[in-house]
Structures are given as C-alpha cells and as structure tokens.
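The block underneath contains the structure these notes are about, expressed in structure tokens.
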Amino acid sequence: MKNLITGGAGFIGSHLAEALLNRGDKVHIIDNLSTGSLSNIDRLTKNQNFSYTIGTIMNEKVVNKLIQDCDCIYHLAAAVGVKLIMEKPLETIETNVKGTEMVLRIANKYKKKVLITSTSEIYGNHVQHKLKEDDNRVLGPIKKWRWAYASSKTVDEFLALAYHIEKKLPVVIVRLFNTVGPRQTGAYGMVLPNFVQSALLGKPITIYGDGKQTRSFAYVKDVVKAMVELMGSPKTAGDVFNIGSEEEISINDLAKKIKKMVNSSSDIIRISYKEAYGKGFEDMRRRTPDVSKIKKLIGYKPSVTLDEIITKVIDYFKR
Ligand code: UDP
C-alpha cells in the first residue's frame, strides 16, 4: 500500500507515517514545514519505504503527481492551533478551504480514497457533555475569529461529503479532539506541552480564563491507529467519526497534575483570554467526544491513561 500524507511532517502526521511504515506500507509525505518540522521525520528518512516532498499543497502540479502515484490519501495539511487562527485568519481560511478542495478534486480524478482530518472545533461552544457525530453545531458570532477555523473545516466536511454523494469518491472524515503526545510543540498554544515545558523550566504555568473549562486528551498513537483502521475499512466511505478520549479534566486540574508530576516549583497563574489571544476570542467550556461509533466499528479503545500520556510528554521534553 502506498500512502500519501499531506502535512506529514507535523505532530500527528509524523506519528501516522511511523505507524504505516511499521506495518510495512510505503509512505510519501508533503509538508511546507509551516507548523511541521524536519526533526519530526528525521528518523523516518532512514526507512527505504519513506519519501518526502517539502512544498505547499497549493501547488497543483506537484499534488496531482503525488496523488496519481499513491493508493490513498490522508489529508492532514491545515493551518492549526488557536493562536495561529487568531493571528492569521486569512491564511487559515485559504489553506483549509482551497487546499482541501484541490486534494478532493484531484483524488476524484484518480478515484483514490481520502481521509479528511476535521476537528472537534466544528461542534462550537456546546456545553453538552459527550458530543456525537450527528449533534447540532453551536458556533459563536463571526467577529469571534476563533470560529473561522471551525467554519473552514465545516466547509471541508461538506465538500468531502459532496464529492462522495455526487461523484462516488470514497471519503472518510475524522473529527480529532485534543490530541497529545511526544513531538507536539507548545509553540502554537497547545496547553499540555506548554504546561509541561513551563513546569520543567520552573516558569509560571499559565492558565487562560478561569481554568474551569475542560478538555479530553487522547494519545497520538491511539488516534493514528484509529485513522489507519478507518481508512482500511470498506464501511467508512461517506461517513464522519469522532476520535478522542472520554477522560475529561479541567485546565485547573491539568495544571495541578502536571506541576505535581514534574515535582515543579512553578507558580500556577491565571491571565485573561484577552491577554492570551487578543481581542475577539471565545473559548469552549467543555469538549468531550462520544466515541461509541468508532468503538462499535473498529473496537477503538484508548490504550493509555492521561497520567501515562503526561509521563511520556515529560520524558520527551526532558530528552
Ligand atoms: N490554555 C491555557 N494555557 C495555555 C494554553 C491553553 O490555559 O498555555 C487553555 C485554552 O484557553 C483552552 C485549553 O487550555 O481552554 C485548551 O487549549 P488548546 O489550545 O490546547 O486547545 P483547544 O482550545 O483547541 O481545545
């Protein structure tokens, strides 16, 4: 099997490449290194089944050739991270919408199965506990820039489903909830690597808002395993799946837990969302997936607890 991964030098993409190589597949990645990095794929380059292109997915000629040469496509290339979205809404919308439209259009030309990575952001600021794939979306006002990301990814989902319905293109959509593990950088605002790095350096662990907001953190290796199984299943075409963890924790408790596990002298401090992200930000109070759909289809079960994930992330940053 020859897999193409767009955004393959990113945190999740590089773990996905590794998982596919480990089962003997061929992998080609394309990445513009905007948020990904060569160090993420360093060890993969020694594998003869691995090859890569450094470049943008906006280059139609290049993408056409790569799609023609592969058996299936994992489309992960996107503008990600709340910080980036707040700072560069235009780039976010263009990359996410134009990039995905082109990948789908070319995949359709050669009729190759595509997995589109969407996001839990598309549920919006729901307070409902476990979010199901068919739940309504509750998005905030246009002037809250955060929702530009959710909206761009929503267009991606509609486009993918439209290609499936009208052109019979095999597509599967995954909505990734907060995904964490080694190689994730704190540079784009993600909370868990930020807290671990601050705790290790003895710098203040900085909570945005009141810290009562909750998240559920899934281990990246469990997430990519589910993605590979969904791609391989003939029953997934034209469907949407949540992937994440159902173990919910408040950001306050996460900060305390990490401080304790690192045995850190860091202070835990709070700043306002405005100080953290600038004007026009709105947070989600709660965000946990209902994963019964993938449990039923592929027997999805997280293999590690949050404590075990944090231990792995601490070890990674210590190294
Ligand atoms: N957050 C925080 N401190 C940080 C980074 C993030 O308190 O240094 C908060 C953020 O406001 C949000 C939660 O942690 O409520 C998760 O943020 P992240 O950017 O990791 O993911 P997302 O908001 O996309 O779930």
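Just give me the residues in the stretch 239-263 being within 12 Å of the ligand (Cβ to nearest atom) and aliphatic (A, V, I, L, M), in sequence order.
The answer is I249, I251, L254, A255, I258.
Restricting attention to the stretch 294-319, which residues are within 20 Å of V174 (Cα to Cα), surrounded by fewer than 18 Cβ atoms within 10 Å (Cβ to Cβ) and not aliphatic (A, V, I, L, M)?
Going through the stretch 294-319, the residues within 20 Å of V174 (Cα to Cα) turn out to be 294-303.
Still in the running and surrounded by fewer than 18 Cβ atoms within 10 Å (Cβ to Cβ): 295-297, 299, 301, 303.
Once the filter is applied, which keeps residues that are within 20 Å of V174 (Cα to Cα), surrounded by fewer than 18 Cβ atoms within 10 Å (Cβ to Cβ) and not aliphatic (A, V, I, L, M), the stretch 294-319 yields K295, K296, G299, K301, S303.
Applying the selection to the stretch 107-139, what residues are more than 17 Å from H75 (Cα to Cα), more than 13 Å from the ligand (Cβ to nearest atom) and part of a loop (DSSP other than H, G, I, E, B)?
V127, Q128, H129, K132, E133, D134, D135, N136, R137, L139
Please give the number of the condition N59 fails out of (1) at negative phi; (2) touching a helix residue (DSSP H, G or I) at 6+ places or on another chain (Cβ under 7 Å).
Status for N59: all satisfied but (2).
Can you tell me which residues in the stretch 35-74 are surrounded by fewer than 18 Cβ atoms within 10 Å (Cβ to Cβ), under 22 Å from the mean Cα position of the chain (by Cα) and part of a loop (DSSP other than H, G, I, E, B)?
S37, G55, T56, M58
All but one of (1) of a type outside the set (S, T, Y); (2) part of a helix (DSSP H, G or I); (3) near the ligand (Cβ under 9 Å from one of its atoms) hold for A160, so report the exception by its number.
(3)
Which residues, taken from the stretch 137-172, are open to solvent by less than 20 Å² (accessible area, probe 1.4 Å) and over 21 Å from A276 (Cα atoms)?
Scanning the stretch 137-172 gives S152, K153, T154, D156, E157, A160, L169, V171, V172.
The values are calculated or read from the model by the stated rules, or taken from the named source; none is laboratory data. Only a predicted model underlies this, so the values are computations on that prediction, with no experimental measurement involved. As a convention, Cβ positions derive from the backbone with ideal geometry for all residues, glycine included, and neighbour counts pool all protein chains shown. The accessibility values were calculated without ligands, DNA or RNA, using every heavy atom of the protein model including side chains. Shrake-Rupley method; radii C 1.70, N 1.55, O 1.52, S 1.80 Å.
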